[in-house]
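The values are calculated or read from the model by the stated rules, or taken from the named source; none is laboratory data. What you see is a predicted model; the values in this text were computed from it and never measured. Don't worry about glycine lacking a Cβ; one is built from the backbone with ideal geometry, like all the others, and counts go over all protein chains shown.
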Amino acid sequence: MPRLSLTTLFGVDPITDDEHHFETSWILPPTILACLRGLISLYTFVSIFIFWGWYGTHDDRASIGHSFSYFTWLTYWGIGFYTLFAAIHTACYARTGRSFLLDRWPRAFRVLHSLLYVTVTTYPFLVTVVYWVLLFAPPWFDEIFTGWQNISLHCLNSVYALLEIVLPATAPHPFIAIPFLILMLLLYLCVAYITHAAEGWYPYSFLDVGDHGQKSILVMGYCFGILAAVLVLFLVSWALVHLRRRLTHGKIKRARWDPLRAHDAFVGTCGGEQLNEMKSMPVYGEVMGRFTSSGGNCLGG
């Protein structure tokens with residue numbers, strides 16, 4: 001039995017490069033998709049620096065450093081960086097018709113991009129559920145700024161995740177990502193307890209084991225509950241992507257300069273079912289090469 005590489009397990013084999021899953025959408029042209037992702041990234045980073053500016057001007061500078069101990073903030077940073085890089089990749093694809101940067105970088109970067117996509121379409125839902133179910137205590141916030149901050153961190157984060165599930169032409173999440181999701185949660189748990197050991201406070205109250213460990217069983221229950229929640233949310237996210245792919249029949253809006261744009265037109269003109277059968281034949285690449293060189297004439301004349 002042949003060994004499966006990590007690139008195969010993450011669905012980023014060279015044979016899938018021309019599908020441009022991460023840079024295309026089934027409904028939006030690449031240019032508009034790049035602009036949307038860029039706007040989300042811009043809002044994310046601008047809002048973070050506004051929050052920090054507010055802390056700095058309201059005698060709460062310590063909260064700037066403390067923010068790096070919260071899973072909520074780390075996830076929000078992740079959304080900002082994913083949408084930033086996704087916007088750059090999408091813009092390059094819209095401009096050239098190729099994955100301009102990913103084609104030049106080591107293939108490991110495609111694996112990391114795929115893993116980052118899984119995190120930004122799973123963790124934000126976990127943050128939203130945990131905050132509104134376990135942490136939020138009514139009434140609503142007295143200050144408009146505080147309310148806006150919490151909406152950005154605990155509501156809009158899931159909106160961005162949902163947009164990344166619904167709009168792009170991405171494939172369903174690879175199940176090999178599950179161990180990495182769990183590992184990152186464990187690493188965050190280390191961050192939380194290092195914070196307590198170094199500064200004497202817990203980022204989240206449900207992680208407090210008590211002065212003598214009397215709450216250890218309760219904390220363990222919370223941790224296993226969050227583990228179960230992230231697995232369920234991963235499956236929900238995977239199912240939504242799978243449903244989107246099924247309803248859209250794998251449709252992709254390609255860039256103007258994408259060499260396979262002519263191929264898609266050929267499929268629509270000459271019949272998609274025959275093309276799907278041809279893809280399984282060894283001579284398919286040769287046939288498509290002749291088709292491209294002939295200028296896309298279905299009859300070859």
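Quick rundown of the values:
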| item | result |
| --- | --- |
| The stretch 121-150 residues that are assigned by TED's automatic domain parsing to the domain that holds TYR204 and on the phi < 0 side of the Ramachandran plot, paired with ones that are surrounded by fewer than 21 Cβ atoms within 10 Å (Cβ to Cβ) and not in a helix (DSSP H, G or I) (beta carbon under 6 Å, 6 or more apart) | GLY147/PHE141 |
| THR75 at pLDDT 95 or above, closer than 30 Å to LEU135 by Cβ, out of contact with any Pro (no Cβ under 8 Å at 6 or more places or on another chain) and crowded, with 17+ Cβ neighbours inside 10 Å | no |
| Residue list for the stretch 130-167, filter: in a helix (DSSP H, G or I), aliphatic (A, V, I, L, M) and out of contact with any helix residue (DSSP H, G or I) (no Cβ under 9 Å at 6 or more places or on another chain) | VAL133, ILE144, ILE151 |
| Filter result (part of a helix (DSSP H, G or I) and free of Cβ contacts under 8 Å to residues at least 60 places away in the same chain) within the stretch 45-60 | PHE45, VAL46, ILE48, PHE49, ILE50, TRP52, GLY53, TYR55, GLY56, THR57 |
| Those residues of the stretch 88-120 which are touching a residue at least 60 places away in the same chain (Cβ under 8 Å) and under 27 Å from LEU207 (Cα atoms), in sequence order | LEU115, VAL118, THR119 |
| Residue in the stretch 214-221 that is closer than 28 Å to TYR188 by Cβ, at pLDDT 90 or above and not in a helix (DSSP H, G or I) present | yes |
| Restricting the stretch 8-42 to residues that are over 28 Å from LEU156 (Cα atoms) and in contact with a helix residue (DSSP H, G or I) (Cβ under 6 Å, 6 or more places away or on another chain), the residue that is surrounded by the most Cβ atoms within 10 Å (Cβ to Cβ) | VAL12 |
